[in-house]
Amino acid sequence: MYDTIVIGAGLAGLMAAIGRAERGEKVMVLAKGHGTTHWTTGCLDLFAEVDDPIAGIIQLTDQRPHHPYALVGLTMIEQGVARFRAICEAAGYPMVGNFNRNLLLPTALGALRPTAFAPATMINGDARQLRDGRPTLIASFGVLRDFFPPLIAANLRAQGIAAEAALLALPPTGRQHDFSPVILARMFDQPDFRARVGEQLAAFVRKGGYARIGMPAILGLKHPTEVVRDLQNRAGALIFEIPTLPTSVAGMRLYHILENALLSLGGRMQLGGFVQRGEPLKETLVAVFSEAAAREQRHTARRWVLATGGILGGGIRATPEGHLRETALDLPLQTPDSRSGWFAARFLAEQGHPVFQSGVRVDRSLRPLDASGRLVYENVMVAGSALAGFDPVREGCLEGVAIATGWAAGQQ
Amino acid sequence: MDHIELSLTQSLDHCIKCNICTAACPVAAVTDAFPGPKYVGPQAQRFRHAAQPVPDASVDYCSGCRVCNQVCPTGVRIAELNARARAQMVAERGMPLRNRIIARSGLVGRLSCGPQAPLVNLTLSFAPARWLIEQVLGIHRHAPLPKASTYTFQHWFRRRKSTVAGRRPKVVYFHGCSTNYYEPHVGKAAVAVLEHLGFEVIIPPQRCCGLPLLSNGDFPAAQKHHQYNVAQLLPFVRAGIPIVGTSTSCTLTLKEEAPELLGLHGDDVRAVAAGTYDIFEFLRNLHERGELRTDFRSIERRLPYHPPCQLRAHRIGRPVLDVLGLVPGLHLDESRADCCGIAGTYGLKREKYQIAMDVGKPLFDFVQASGQNLALCDSETCRWQISGATGVETRHPIEILAEAYGVL
C-alpha cells in the first residue's frame, strides 16, 4: 500500500511524485513507458503567445477561469518552476531564463521559438544575442539525420542573423552506421571524442571569426554542462545547442534528473505498467489495475495523481467510433460533443482545433468532475496535459502547466 | 489470424517512430551490428511476409531483453515481433549446431549433472578445452558456464523427509533446469520457505520451460516442451493449486512467452499461465492478504540487487524489494542497469560475447562499487554472468529470505 501512486512519468507526474516524496510519503510512479519528455525540446515553455509570459498568464487567468493555470494560481506556478529549477541546478544542469521575458531560440528548421527557461547549454542561441552582427556558425555531422546546418543557417539569415553552415567530420568511433542523437550524445560524454570535434570547431573559428556556434542538442547525455564548457574552451567561441527531433537528448536529461531526484527520496518507478482500469468505492479510488503477464497487477494507495498526458501523450485516445476516452481510469472527458466538432475548418486556424482542449475537468483541488460538475473521486488529482480547457502546444505552455499542476498535486 | 497476431500487427501502427526504444536499447548502445528495436521491429516487420525470404538478418542481434517494450510510450510489442522474426529466419535458414545445443538446457543439464559433474566442471574450467569448444562450437571461451551439481534437485526432493504433516494448502514448485542440475540449493531454499509458511510442496514431472528454444528461434521444439508442461501442471491448476517458480524466466515463459510467441491460446494453456507466479510475486500476494509470516531474524546487511530483464518483463514491479524490505536490518540497493548482457544464451555465443560484456558493464560497475561480497538477482543466467564478470558471489533472493526465516 502506497501513500500516493502517480500514473504517468512525464514532467507533471514526476514533479507530483517528488513533491509527495519530499513530504515523507511512500510514493510510486506507475507508467506505460518513458514520458513525453523524450519527445520535447528540454526547455520550459510557460506561455509563448506573448513576450512576457507571466503578464500573459495573469491576463489569461482572468479571461479563462477554467484554464489549468487559473485553477492552481500564480503562486503555485512560480513555486513549481522554482522547485524544478532547483532540482536541475542541484544536478549540475541549470535552467536559465525568466518569468517576464521569453527567450527566442532557434529550432532545427531555423525558426525562432519563444520559451521561458532553457538549459544553460542552449542559452547562447537567444536571437537577441545572435542579432548582434557577429557571425554565427551552425555545425553538425552529416550522419545525423533530420538536422541540416545549411537549412538552419539560411532560415536564420532570412531573419537577419548572420549565420553560416558547416558539416563536421565525424571522429573515428568504431561504428559504421546508426548515429542517432542519443548515440552521438554518449560519444560527446567522452573527452577524446569532443577533443577531436573541438579541434575542428577551433579551425572554423580561426577562419571565419565566428562568435557563436550552434550545434544539435547532442552535446552529452550525462555531463552536458561540462561538455559545452569544454567545447567552448577548445573552439574559442560560445556554443549553443539546438533541440533535435525525437528522441530528444535534452528532454531525456530532464527525465533522468527528475527520476534521480525521486529515487533518491526513496520513491519507486514502475515502467511498462499500463494502467487499464480503476476500482472505485463510491467517491474513493481504492485500487488500479495495470496490464501484466498472464493477469493484471492490482495496486493500492490512499491517494492518486493521474498524469497520463493528453492526446499527444496517450492519456486520451479516440475510439474507432469517434469517442474520446481517458485511458487509465475512464474518467469523464470535457470534449466536443461529436467528431464533427473536433476540428476547425482551416488546418492552421488561429484558435487551434477544439479537440486539443479535450481533457478531464477538475475542481480547484484538481480533483476530477463529471459533466454536471459532481466530484468523481475525492482522492484523485489530475495534472498536466490530461486536464481540460487548454491547448498545450498551441498556447506554448506544455511544460509550464505540467510543472505547475504537477507541483500543485504534490502539495495539496 | 488469432488475437495475438492481430495485436502484433495492430501494434505496428501504434509505432510513431519516436525512437525512444532505440535510445533505451542496451544492445544498440554498444554495437552497430544491431540497428535498434525500431528498425528491426515495427519498421522491418512491414517488409516481412510468410511467403517471402527474410529481408534482414540483424534481428538476430536482438538479445530479447525487452527494455524496448518497457519504455515504449505507445505499447508496441517490439520484443515479440523480433522473436518471431528470428524464428522465421531459423525456419528458413536452419539453426547452427551451437544454438541447438545451448537451447537444450534440459539435455545439457542431464548430461552434466550427477557423479560425473566434477569431471565436467574440471574440463569446462580448463582453458584449452574452452578454446577447443570455442573453435568447434562457437561458445566463447570466457562465457560464464554454471557448475554442474553432483545430484539433481528432484533426487534430493524425493529422498528427503518432509517436515510438514497434516492437511496443508498445496503449492506446485516449478524448479526449472538450473535448480535441478546446477543450483539445487535454490530449490532447497524455496521448499524450506514454502513449508515454513505452511504449504505442502508438490513437484510434478516437468521439462525445460522452452525459453532457450524460443530465444534461439526453434519454435517447434519449444512448443513440445510447453505442451508437456501444460499437461503436467493443468490438473493442479484446475484444483486451484498455484504454481510458483524461482527461475523468473521459466515463470515468464509459462505465463506469457510460450503462449504468445507460439500463438497457443487454448483454455488449458491460459489456465496454466494464469495459475503461475514468480515466487516473490506469490509471497507478496500472501503479504497483501496478511498471510505472510514475518517472524524474521534481523539481517544487518546492505546488498546490491539486480532486477533482471525477465523479471521486469512480468510487469509486476519489484516483488523482491517489497518482500525483503520486511526483513529487519536488510537494505537492498536496486541496480538501475538495463541488462547484465547475457540474455539467457546470447552472451555465450562467440560473436556476441563482447556485446554482452559491454551491455553489462554498468551493472558490473554497480556491483563492484557496492563493495559487498554478495549480490542478489532472480535469474540464474544473470547471476552467472554477474559473478563471472565481477568475481562477486551471487544468490537468488529466496536464499536470503530462507536465512531470514532461519530455515536454512
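The values are calculated or read from the model by the stated rules, or taken from the named source; none is laboratory data. Every value quoted in this text rests on a predicted model; they were computed, and no experiment measured them. Please note: Cβ atoms are built from the backbone with ideal geometry, for glycine as well, and neighbour counts cover all protein chains shown.
General observations
- Number of the condition not met by B:ALA356 [criteria: (1) in contact with a helix residue (DSSP H, G or I) (Cβ under 8 Å, 6 or more places away or on another chain); (2) within 14 Å of chain A (Cβ to nearest Cβ)]: (2)
- Any hit, segment B:174-186, residues being part of a strand (DSSP E or B), crowded, with 22+ Cβ neighbours inside 10 Å and touching a residue at least 60 places away in the same chain (Cβ under 8 Å): yes
- Inside segment B:288-305, residues that are out of contact with any helix residue (DSSP H, G or I) (no Cβ under 6 Å at 6 or more places or on another chain) and either closer than 19 Å to B:THR394 by Cα or within 12 Å of another protein chain (Cβ to nearest Cβ) (or both) make up a count of 8.
- Members of segment B:18-27 found to be in a loop (DSSP other than H, G, I, E, B) and either within 7 Å of another protein chain (Cβ to nearest Cβ) or touching a residue at least 60 places away in the same chain (Cβ under 8 Å) (or both), listed by number: B:CYS18, B:ASN19, B:PRO26, B:VAL27
- Taking segment A:24-114 as the region of interest, the strands (runs of 3 or more DSSP E) fully inside it that hold 3 or more residues being touching a residue at least 60 places away in the same chain (Cβ under 8 Å) and within 14 Å of chain B (Cβ to nearest Cβ) are A:27-30.
- Residue check, A:PHE274 more than 30 Å from A:TYR93 (Cα to Cα), at the interface with chain B (Cβ under 9 Å from one of its Cβ atoms) and of a type in the set (Phe, Trp, Tyr): yes
- Selection of segment B:239-287 for residues being more than 10 Å from chain A (Cβ to nearest Cβ), of a type in the set (Asp, Glu) and farther than 15 Å from B:GLN223 by Cβ yields only B:ASP267.
- Cβ-Cβ distances below 6 Å connect the following pairs, each with a first residue in segment B:272-301 that is closer than 18 Å to B:SER379 by Cβ, a second residue that is polar (S, T, N, Q), and a separation of six or more residues or different chains: B:THR276/B:THR251; B:ASP278/B:THR248; B:ASP278/B:THR251; B:ILE279/B:THR246.
- When A:LEU221, A:LEU263, A:LEU245, A:LEU231 are checked against the criterion of being surrounded by 20 or more Cβ atoms within 10 Å (Cβ to Cβ), within 14 Å of another protein chain (Cβ to nearest Cβ) and either at positive phi or out of contact with any Ser or Thr (no Cβ under 9 Å at 6 or more places or on another chain) (or both), A:LEU221 stands alone in meeting it.
- Count of residues meeting criterion [buried (at least 20 other Cβ atoms within 10 Å of the Cβ) and either touching a residue at least 60 places away in the same chain (Cβ under 8 Å) or farther than 18 Å from B:ILE101 by Cβ (or both)] in segment B:146-155: 4
- Enumeration of residues in segment A:143-164 that are in a loop (DSSP other than H, G, I, E, B) and within 27 Å of the chain's Cα centre (by Cα): A:VAL143, A:LEU144, A:ARG145, A:ASP146, A:PHE147, A:PHE148, A:GLN159
- For A:ALA237, the conditions (1) surrounded by 19 or more Cβ atoms within 10 Å (Cβ to Cβ); (2) under 22 Å from the mean Cα position of the chain (by Cα); (3) more than 11 Å from chain B (Cβ to nearest Cβ) all hold with the exception of (2).
- Pick from segment A:311-334, criterion part of a loop (DSSP other than H, G, I, E, B) and at pLDDT 95 or above, ranking: nearest to B:HIS314 (Cα to Cα): A:ALA328
- Pairs with Cβ under 9 Å, 6+ apart, first in segment A:256-284 and under 17 Å from B:ASP338 (Cβ atoms), second aromatic (Phe, Trp, Tyr) and buried (at least 21 other Cβ atoms within 10 Å of the Cβ): none
- Here is the figure for segment B:206-265: residues that are at positive phi and touching a helix residue (DSSP H, G or I) at 6+ places or on another chain (Cβ under 9 Å) total 3.
- Candidates A:PRO149, A:PRO135, filtered to the one that is away from every other protein chain (no Cβ under 14 Å) and closer than 23 Å to A:CYS43 by Cβ: A:PRO149
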